[in-house]
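*Asks:* Sharing a structure here in structure tokens format.
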Amino acid sequence: MRILVVEDDVNLNRQLVEALQEAGYVVDKAFDGEEGHFLGETEPYDAVILDIGLPEMDGITVLEKWRAAQRVMPVLILTARDRWSDKVAGIDAGADDYVTKPFHVEEVLARIRALIRRAAGHASSEIVCGPVRLDTKSSKALVDGVALKLTSHEYRLLSYLMHHMGEVVSRTELVEHLYDQDFDRDSNTIEVFVGRLRKKIGIDMIETVRGLGYRIQAPSK
């Protein structure tokens, strides 16, 4: 999953980025509204963390521009504790949730997990596909109750496929959502990771849809 953090406080931006990366996300970052708006308008994100008080372009304006351009990714806004009006303005502008400063990073992570799950149509922190269970809270995957030993890339790939279970996901979409903006998108690493993941799962669940991409679904009985 790929996240954008738009926060002008350098230390807070770094803390959020590091926590998200440690939780298994790929993260892009911006420090002002104009840069954040550009990234959010041109890159595909699974969720965005957006501060309201940004230089160059305030967070409410950034959000309004995204929604006017039909950018529908979930957005979590960061607001000052005593500015209830910012919360109202943010929700009215199209925010999906908010966190007030100061906050615990764990709360932000939990809310991001929930936003991504809901956007994909999942209500629980656990996503199940046949014998495979993905625990989004602990970033672990299990087959028949046995934990899989996955690299961060393999876990992100499995997570994205399971969040979009039953859907055909193109290689391009996988690359755009699993790697940051500086990644070499002409590489064939997706095919390599799909092959490794199939071997580790040990069950025929990841289907190659010729010319279109990949789809994960429970094996037929």
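*Asks:* Answer yes or no as to whether ALA147 is in contact (Cβ under 8 Å) with a residue 12 or more places away in the chain, open to solvent by less than 80 Å² (accessible area, probe 1.4 Å) and farther than 24 Å from VAL105 by Cβ.
*Replies:* On the way: in contact (Cβ under 8 Å) with a residue 12 or more places away in the chain: no; open to solvent by less than 80 Å² (accessible area, probe 1.4 Å): yes; farther than 24 Å from VAL105 by Cβ: yes.
No: the conditions fail for ALA147.
*Asks:* Here is a follow-up. In the stretch 61-94, which residue that is surrounded by 11 or more Cβ atoms within 10 Å (Cβ to Cβ) and among the acidic types (Asp, Glu) is modelled with the lowest pLDDT?
*Replies:* ASP86
*Asks:* I'd like to know if the stretch 153-176 contains one or more residues that are without any contact (Cβ under 8 Å) to a residue 40 or more places away in the chain and outside any helix (DSSP H, G or I).
*Replies:* no
*Asks:* Here's a check for you: in the stretch 21-40, which residue that is modelled with pLDDT of 95 or more, of a type outside the set (Phe, Trp, Tyr) and in a helix (DSSP H, G or I) is most open to solvent (accessible area, probe 1.4 Å)?
*Replies:* GLU34
*Asks:* While we're here: What number of residues within the stretch 41-60 are crowded, with 21+ Cβ neighbours inside 10 Å and among the acidic types (Asp, Glu)?
*Replies:* 2
*Asks:* Against the definition (within 19 Å of ALA120 (Cα to Cα) and of a type in the set (A, V, I, L, M)), how does LEU161 come out, yes or no? Show your work before the answer.
*Replies:* Values: within 19 Å of ALA120 (Cα to Cα): yes; of a type in the set (A, V, I, L, M): yes.
Considered against the rule, which asks whether it is within 19 Å of ALA120 (Cα to Cα) and of a type in the set (A, V, I, L, M), LEU161 comes out as yes.
*Asks:* Scan the stretch 78-124 for residues that are without any contact (Cβ under 8 Å) to a residue 40 or more places away in the chain, part of a loop (DSSP other than H, G, I, E, B) and touching a helix residue (DSSP H, G or I) at 6+ places or on another chain (Cβ under 8 Å) and jot them down.
*Replies:* Those that are without any contact (Cβ under 8 Å) to a residue 40 or more places away in the chain, part of a loop (DSSP other than H, G, I, E, B) and touching a helix residue (DSSP H, G or I) at 6+ places or on another chain (Cβ under 8 Å): GLY94, ASP96, ALA123, SER124.
The values are calculated or read from the model by the stated rules, or taken from the named source; none is laboratory data. Here the structure is a predicted model, which means the values were calculated and not measured. Here Cβ is always computed from backbone atoms with ideal geometry, including for glycine, and neighbour counts include all displayed protein chains. Surface areas here come from the heavy atoms of the whole protein model, side chains and all, with no ligands, DNA or RNA. Shrake-Rupley method; radii C 1.70, N 1.55, O 1.52, S 1.80 Å.
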